[in-house]
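Engineer: First the structure, which I've put down as structure tokens, then a few questions once you've had a look.
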Amino acid sequence: MGNGKIMGPILIVVGIVIFLLATAFVVLGYFSGRTDEITSVVLGISCFGIAPLALFGGVGTYLFISGRKEEAETELIRKKESILGLIQTQGHASVGSIMVEMEMTREEVTNAIYELVSMGLFSGFINWDKLEFYSKDAALIGSNTCPNCGGIRELVGKGVVKCPYCGVSLFVPEDAVQTQAKPKAPTDEKQPKIQ
């Protein structure tokens, strides 16, 4: 990883050095009288200076840009792993604490969670009122009962499901058993657990 960020500038410098050496050689030949035609000078500089510069410079620039992109993607993967570890270790984490710890915006944190859900690596729910992510056992999330308020949803679904009673977003794993139940609002005695 990161070889492009190292090799890219090296190839660019090699291209510049070849260009300068070829140009100096051809120009010195012209001024020393070894050639008297300007077209020979232009052809020499073009073939032995500009062509290697374009080749090495182009490849070097491509490698450098690719290396930077790869590094950015690797950093994002590390951040997702850290977010997942933080939520699973503590059981819950606020969006604000994740934003500060990972140096990410709220949108980046939310997108990272949704990507982890789509990859099947995270199951749990978020309380949008408190902006807290909760890691839950896949069996609890895969049921029809909301782990936050106790309301019963008609279908489990997969991916992200919003509880119609308390509004939390439930992250249901792909391998959750699909069941159906008659929808039922939470009873008064079973108030939302997370306020």
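Rule-based calculations on the coordinates, nothing more; no lab input. Since this is a predicted model, take the numbers as computed values, not measurements. Methodologically, a virtual Cβ is constructed for each residue, glycine included, from the backbone with ideal geometry; neighbour enumeration extends over all protein chains shown.
Engineer: Can you work out the Karplus-derived ³J(HN,Hα) for every residue in the range 22-29? Use 6.51 cos²θ - 1.76 cosθ + 1.60 with θ = phi - 60°, whole Hz, and x for glycine or proline.
Structural biologist: Going residue by residue, I get 5, 5, 4, 4, 5, 5, 5, x Hz, with x marking Gly and Pro.
Engineer: By how many nm would the segment from Leu55 to Glu37 lengthen if fully extended, with 0.36 nm per residue of separation less the alpha-carbon distance? Show your work: numbers first, answer last.
Structural biologist: Numbers: separation 18, 0.36 × 18 = 6.48 nm, distance 2.66 nm.
Extending this stretch completely gives an extra 3.8 nm.
Engineer: A follow-up question, please. According to a simple spin-label model (label point 7 Å from Cα along Cα-to-Cβ), what is the distance in nm between Asn111 and Glu73?
Structural biologist: So the label points at Glu73 and Asn111 sit 1.5 nm apart.
Engineer: Something else about it: Take the alpha carbon gyration tensor of the range 3-75, find the square roots of its eigenvalues, order them as a ≥ b ≥ c, and report rounded if a/c is under 1.5; if not, report prolate when a/b exceeds b/c, else oblate.
Structural biologist: prolate
Engineer: Measure out, as a whole number of angstrom, how far apart the alpha-carbon centroids of the range 1-30 and the range 36-78 sit.
Structural biologist: 9 Å
Engineer: Check which residues have an amide H placed less than 5 Å from Phe122's amide H, if you skip close sequence neighbours.
Structural biologist: Val117
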